[in-house]
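What follows is a set of notes on a single structure, which appears directly below.
The values are calculated or read from the model by the stated rules, or taken from the named source; none is laboratory data. Source: prediction; values computed, not measured. Cβ coordinates were reconstructed from backbone atoms using ideal geometry, including for glycine residues, and neighbour counts include every protein chain displayed. When the accessible area is computed, the model is the full protein with side chains, heavy atoms only, and any ligands, DNA or RNA have been set aside. Shrake-Rupley method; radii C 1.70, N 1.55, O 1.52, S 1.80 Å.
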Amino acid sequence: MPAHQPLKATELYTPCDLDALGFETTDDLEPLDEVLGQERAVEAVHFGAGIPLEGYNLFVLGPPGSGRHSFVRQFLERRAAAESRPRDWCYVNNFEQSRAPRALSLPAGMGRAFREDIEHLIEEARSAIPAAFESEDYQTRRSAIEEELKEEQQNAINEIQEHAREKNIGIIPTPTGFAFAPIRDGETLSPKEFQELPEDERERIEKETEKLGEELRQVMREAPKRTRAVRKKIRELNREVTVFAVGSLIDELRERYQDLAPVVEHLEAMQQDIVDNVKLFIGQGEGSEEEQEQLQALAGADGSPAAQRYAVNLIVDHADNGGAPVVFEDHPTHNYLVGQVEHISHMGTLITDFSLIKAGALHQANGGYLVLDARRVLTEPFSWDALKRILKAGELRIQSPGQAYSLISTVSLEPEAIPLDVKIVLIGDRWLYYLLQALDPEFDKLFKVAADFDDQMDRNPDNVHGFARLLGNIAREEKLLPLTRDAVARVVEHSARHAGDAAKLSAEVRHAADVVREAHFWAAEAGHDRVSADDVQAAIDARLRRSGRIRDRLHEEILRETILVDTDGKATGQVNGLSVLMLGDSAFGKPSRITARIAMGSGQVVDIEREVELGGPIHSKGVMILAGFLAANYVTDRPLSLSATLVFEQSYGGIEGDSASTAELCALLSAIADTPLRQDLAITGSVNQRGRVQAIGGVNEKIEGFFDICQARGLTGDQGVLVPRANVKHLMLRRDVREAADRGAFHVYAVDTVDDALELLTGLPAGERDARGGFPEGSINRRIADRLVQLAEQRQAFSSSDEHEAD
Amino acid sequence: MGERPPAEIRLRISIVLGGTRADRAMLALITRLAMDLPAEFTGLYVEDPGLARALGLPFTREFSRLTHSPRRLEPADLAMERRVRARRAEHALAEAARELGADWRFRRVEADAVGLIHQESPAADILVIGAAPANLSSLLGTASPPRLSGIAVVFDGSPSARQALATALRLAEAVDDWLIVLQVGDAPAEGLAGRGRVDIHHLGPSDFGEVWQVARETAPRALLVGANEDIIEDRSLRALQAAALPCPTLIVRGRPAGDDG
């Protein structure tokens, strides 16, 4: 049996090379202006932000705390600053259809000027128009037009009256009109008097009356025409006067905005509307009182209806911006995202107009970048659907969910859609990205670029140096004490430990930043002027203490032997397995007793955890592999004739993962061979069907978990942990573990196979098959094989006796 | 026997009402005149006998202001429409009198305009004739009502004209308006000093046809005339009817209440 040597203390930890750091404190370092170790994600963001094609929006995925947000912010802001400002947008009244306000775009910065120009125009018009309409000249011309009509009508009436008089026919008022009747000496003829007239006279009167009636009807038929003509003349006069009053002002604006056809068009429509609604300026004319009251309500107590009607609602103003907008909307409700039409209450009803249109984040980001948290967009009602709809349509149309789903019946607006040219950047978890990929068929058409932030980065000199600069950034930006070189080294080592890999650094920048902040606190408490390695260690230890309540309770229960875990002696079918418990942001190892019992059977290995539904599928898979290993490795010429049960003792929660499968196999083999296993050792590792021990996660926590128990009971010098050799590169163990290993008080063994593990656990050679296919005498494998053969024979004998009895 | 208390002198005002919206404006004006005075009102709804006669003729058609189309007006329809208007007039009077706390009565009378004045004038201190009824032009809807202002009075120096002037002064003060004196002949209107704004139109010796025309052009809120013989003479009254004044005419016979101490 080859001697299994424990790992050297130097193999248990990969320290940071202080000499390679080359600085005194982080103050000596240049600031880091790039994201560290995320080349793939950076390239993707660069590509996604730059490609100007439809659907090439970005989904930035990765672990929280990896610096996605800050990188995206810095990258986009830098990029946007070099890009041109997009156009301003405003909504104005659509004078032909007020329910559909018009959207106007102007070059960046001109929106504000346009709004002020219009305000000035209306203010001027409010004094110029009344002055013009109150002028004597206007009143004279208007009276002349009206008089002309009156005269024409009166002449027509006079003519009828004259005819009536000539024909001795009177015009008699009735309660609701007039009637023609023959008169004599100023008196209306009675029917009797009329009958007494000669027949030809009666006929004459009748005809004349009829004729007068026809004349009157003719005049009445023409009256509306005349009235319309007069109204037209008055309108033309009003137009003439209004145009005179405001024309020069509007002409001035028309000239100023001559290159902007929609604006000029609006100015022309506005001039026409001012003419049609002069009442707003002179307080009289056509239009309902209700309409004016609503305008007044919308304008507020201090506003004027005219200013309200012609106002410019500047919803996107880039006057103060330096480049393309970068908008971070951290509360992406439907309204905040898409914009909304607000209402105000007036006389018990809700009213609105174009001035109450509010821009959403998409409006503000149009022509630039909009950064959203994916989870929030998905959890806000209607937001995700609205975002997709808008991106597909390529235009921004404000429509409330209430309108869209007919939830409310309040009359609202349908503002003109605004063309959309925005790059959406969603930031979210990895699982969310893959979930969207799988479940939303529109997702990959709209978000074609994934920027995948890694969880970790290589622990190479460049990255270590960059990491140090990053820590320097944090210290400078947050006005923390500078970190000494050894403090940086300690944070680097801790980052590797956090990554669970001595050759990697964790990309979770937030975690490292928190350690630096807390180390600053401890340094300040101690009166240091810089953060030392001890301060960093103090911070790490304090974090462990703060989050260690459950760990300590569990360890305590093991020490008090409430939870049974032996750390010395030997036992058959029993082994110390190791598991990791993840609670929030803390993880710790916990040893667990795993036991196996066997009996004659039909080759079943029963995973009790699975039977009671406490074992997860991966754990069950690991146990099933054991049966395969047993059959193939020991009894190839006869059926596997045992029934085995495996259990995690005193485990009352779920168990998942296959990292205990080597331990389970060892327990099982011990039970089969009836050979005790050392209890001062613990083992972790998964195993395949060929008996090869494979890497597992959380190796550091597992070793430390068993070490803590052993240390608390007193280190014997024999205790230790068996880990897969593939995990040696991940080792970043605590200093106390390393020191114990260094002085030979605790051992960490790297194993490649189950045979290695069995030799260490039993003290017996594993034994290899010889040329005849048998295992050497005295080896553990021989014991196992013999016992399996024995079980098979017993089973066969049992079956034969059964058959005899049956015969 | 003890001394009898003096009989209360009441201002008797007879008002010709048409059952139209104009009634309320007219009543509002008259009640201001009668404010703080004991008064009794007699409302008169006048039915033109000529119309009833015309209805008997087979070819008579009404040209409605509402529809502009001719229709055969049946006596029953006419009676019903008159009843409706009379009821409106009565309600308007009752309301105005109630606000004033004055007695009132209401009658429907059948008379032509001139006959009505002859018939009712002697029994009233003031006979109020409403503005001219809508004329044929109203069918065309273009007759915009003129803007009325001032209280006009015709003054020819006669005793009744003096009464009318005193009443006009009182009315002008009550409604806070100015006084327009249409002075016929040379007799000067006296007692106007310190009575606010007074415009005097010297008409010289004119016939009443001309006076009514001037009154029409002046467009006052009310025209007051004394009930002297010249005025209530048929020709003057027919001229008054023909002038179709846009305002009520108050024919003043009795002493202006409150002006005699």
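Just wondering, is there one or more residues in the stretch A:492-503 that are free of Cβ contacts under 8 Å to residues at least 60 places away in the same chain and surrounded by fewer than 18 Cβ atoms within 10 Å (Cβ to Cβ)?
no
Given the options A:LEU391, A:LEU426, name the one that is at pLDDT 90 or above and assigned to a strand (DSSP E or B).
A:LEU426
Does the stretch A:504-522 include one or more residues that are more than 33 Å from the chain's Cα centre (by Cα) and aliphatic (A, V, I, L, M)?
Checked against the condition, which is being more than 33 Å from the chain's Cα centre (by Cα) and aliphatic (A, V, I, L, M), the stretch A:504-522 yields no hits at all.
Suppose we filter the stretch B:150-169 for residues that are modelled with pLDDT of 90 or more and either more than 12 Å from B:VAL252 (Cα to Cα) or outside any helix (DSSP H, G or I) (or both); how many remain?
7
Okay, residues lined up against (1) of a type outside the set (S, T, N, Q); (2) in a helix (DSSP H, G or I); (3) open to solvent by 50 Å² or more (accessible area, probe 1.4 Å); (4) facing chain A (nearest Cβ under 10 Å):
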position	(1), (2), (3), (4)
B:ILE15	yes, no, no, no
B:ARG24	yes, yes, yes, no
B:ASP36	yes, no, yes, no
B:HIS68	yes, no, yes, yes
B:ALA76	yes, yes, yes, no
B:ALA89	yes, yes, no, no
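Cβ contacts < 9 Å: first residue more than 10 Å from chain A (Cβ to nearest Cβ), restricted to the stretch B:40-58; second residue among the hydroxyl-bearing types (Ser, Thr, Tyr) and part of a strand (DSSP E or B), any location; separation 6+ or different chain. Result?
Filtered contacts from the stretch B:40-58: B:PHE41/B:SER14; B:THR42/B:SER14; B:GLY43/B:SER14; B:LEU44/B:SER14.
More than 20 Å from B:ALA52 (Cα to Cα) and assigned by TED's automatic domain parsing to the domain that holds A:ALA229: which single residue out of A:ALA156, A:ALA181, A:ALA164, A:ALA125 fits that description?
A:ALA156
Which ones in the stretch A:622-654 are in a loop (DSSP other than H, G, I, E, B) and under 30 Å from A:GLU561 (Cβ atoms)?
A:GLU649, A:GLN650, A:SER651, A:TYR652, A:GLY653, A:GLY654
Of the residues that sit in the stretch A:239-275 and are more than 48 Å from the chain's Cα centre (by Cα) and free of Cβ contacts under 8 Å to residues at least 24 places away in the same chain, which one is most open to solvent (accessible area, probe 1.4 Å)?
For the stretch A:239-275, the residue satisfying everything is A:GLU240.
Give A:ALA80, A:ALA108, A:ALA132, A:ALA125 a once-over and let me know the one that is in a helix (DSSP H, G or I) and closer than 30 Å to A:VAL449 by Cα.
A:ALA80
Quick check: anything in the stretch A:197-210 of a type in the set (Asp, Glu), closer than 26 Å to B:ARG85 by Cα and at the interface with chain B (Cβ under 7 Å from one of its Cβ atoms)?
No.
Please state which one of B:ARG108, B:ARG98, B:ARG85 is within 14 Å of chain A (Cβ to nearest Cβ) and in a helix (DSSP H, G or I).
Only one candidate qualifies: B:ARG85.
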